[in-house]
Amino acid sequence: MTSSPPPWRATVLTLFPEMFPGPLGVSLAGRALASGLWALDARDIRASATDKHRSVDDTPAGGGPGMVLRADVLAAAIDAVEAVAERPKLMMSPRGRPLTQARVAELAAGPGPLIVCGRFEGIDQRVIDARGLEEVSIGDYVLSGGEIAALTLIDACVRLLPGVMGKLESGSDESFSHGLLEYPQYTRPQVFEGRPIPDILLSGDHAKVAAWRLAEAEALTEKRRPDLWAARPKASESGKKRKSPKFTTDG
Ligand code: ADE
């Protein structure tokens, strides 16, 4: 008898497990979850509290506003997770390294992360250091907690898992996977409020369509994201030929 490997799994440590699966329970991710292509455990950090009030937080050492998540309680919650040594251990935080499509692809290719969601003013630094938590930010703005950031990260990973997307082309032929923003898309009606679909897309000439899409993607990236534009791979770099993005015309 052959046993299939366990599916990709996200284990989330949170004070609000009822926020999961939330939006990940519907649509693409939800169907994949129901069919066993991935798994999700949302665990309550409070279950690892030891005192009679089940307290998880305390006032910050040195004073200041708000409450700080206790190192001992969070460490116990982390240590209770199975196979924790083999999995990436992330902590969602606005002071983390910005999440990128490249990091998402790495996480999707592994066994699936353990994700700590912060709340309050912060988490005791000693547990971050002692358990080697990788702090990850989803952008330069502050959410009220890490849960929505964790949902975002998990969604970005799940859509890359084998079997989730169906028509795989749409998983790679899009913004960021080759360092360019996505070209504009059109469908019926042929004219909307006086705006026609660009002729070239109706020409049936696949090579011309691909060239038009590449030019549009490049123009958009240069205008909106000068950071991505400056960092794009160049033909001259290290004598290697630039791998051109594959813009297919048939999805
Ligand atoms: N928690 C609060 N804000 C966040 C952000 N921008 N990214 C990740 N986690 C967060």
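Given the residues Ala75, Ala83, Ala61, which is the only one that is over 30 Å from Leu228 (Cβ atoms), at pLDDT below 95, away from the ligand (no atom under 16 Å from the Cβ) and over 14 Å from the mean Cα position of the chain (by Cα)?
Ala83
Quickly run through the stretch 23-49 and pick out the residues that are out of contact with any Lys or Arg (no Cβ under 7 Å at 6 or more places or on another chain), more than 22 Å from Leu74 (Cβ to Cβ) and surrounded by fewer than 16 Cβ atoms within 10 Å (Cβ to Cβ).
Scanning the stretch 23-49 gives Pro23, Gly25, Val26, Ser27, Gly30, Arg31, Ala34, Ser35, Gly36.
Just checking, which of Arg119, Arg95 is crowded, with 16+ Cβ neighbours inside 10 Å and basic (Lys, Arg)?
Exactly one of Arg119, Arg95 is crowded, with 16+ Cβ neighbours inside 10 Å and basic (Lys, Arg), namely Arg119.
Being under 14 Å from the mean Cα position of the chain (by Cα) and touching a residue at least 60 places away in the same chain (Cβ under 8 Å): is that true of Leu99 here?
no
Does Leu107 meet the test of being within 16 Å of the ligand (Cβ to nearest atom) and closer than 23 Å to Gly139 by Cα?
When the stated conditions are applied, Leu107 passes them.
Free of Cβ contacts under 8 Å to residues at least 60 places away in the same chain, surrounded by 11 or more Cβ atoms within 10 Å (Cβ to Cβ), among the charged types (D, E, K, R) and in a helix (DSSP H, G or I): does that describe Arg54?
no
Which residue, of Arg46, Arg70, Arg97, is of a type in the set (Lys, Arg), modelled with pLDDT of 95 or more, within 15 Å of the ligand (Cβ to nearest atom) and over 15 Å from Ala10 (Cα atoms)?
Arg97 is the lone residue from the list that is of a type in the set (Lys, Arg), modelled with pLDDT of 95 or more, within 15 Å of the ligand (Cβ to nearest atom) and over 15 Å from Ala10 (Cα atoms).
Does Ala108 count as in a strand (DSSP E or B) and either in contact with a Phe, Trp or Tyr (Cβ under 8 Å, 6 or more places away or on another chain) or among the acidic types (Asp, Glu) (or both)?
Spelling it out, it is not the case that Ala108 is in a strand (DSSP E or B) and either in contact with a Phe, Trp or Tyr (Cβ under 8 Å, 6 or more places away or on another chain) or among the acidic types (Asp, Glu) (or both).
Which members of the stretch 121-133 meet the condition of being touching a strand residue (DSSP E or B) at 6+ places or on another chain (Cβ under 7 Å) and farther than 12 Å from Pro94 by Cα?
Correct list: Ile123, Asp124, Ile128, Arg131, Gly132, Leu133.
Has the stretch 115-135 got any residue that is under 27 Å from Pro233 (Cβ atoms) and within 15 Å of the ligand (Cβ to nearest atom)?
Scanning the stretch 115-135 turns up at least one residue that is under 27 Å from Pro233 (Cβ atoms) and within 15 Å of the ligand (Cβ to nearest atom).
Is it the case that the stretch 11-18 has a residue that's in a helix (DSSP H, G or I), in contact with a strand residue (DSSP E or B) (Cβ under 6 Å, 6 or more places away or on another chain) and either more than 16 Å from the ligand (Cβ to nearest atom) or not assigned by TED's automatic domain parsing to the domain that holds Val136 (or both)?
Checking the stretch 11-18: at least one residue is in a helix (DSSP H, G or I), in contact with a strand residue (DSSP E or B) (Cβ under 6 Å, 6 or more places away or on another chain) and either more than 16 Å from the ligand (Cβ to nearest atom) or not assigned by TED's automatic domain parsing to the domain that holds Val136 (or both).
The values are calculated or read from the model by the stated rules, or taken from the named source; none is laboratory data. This is a predicted model, so every value here is computed, not measured. Cβ atoms come from the backbone with ideal geometry, glycine included; neighbour counts cover every protein chain shown.
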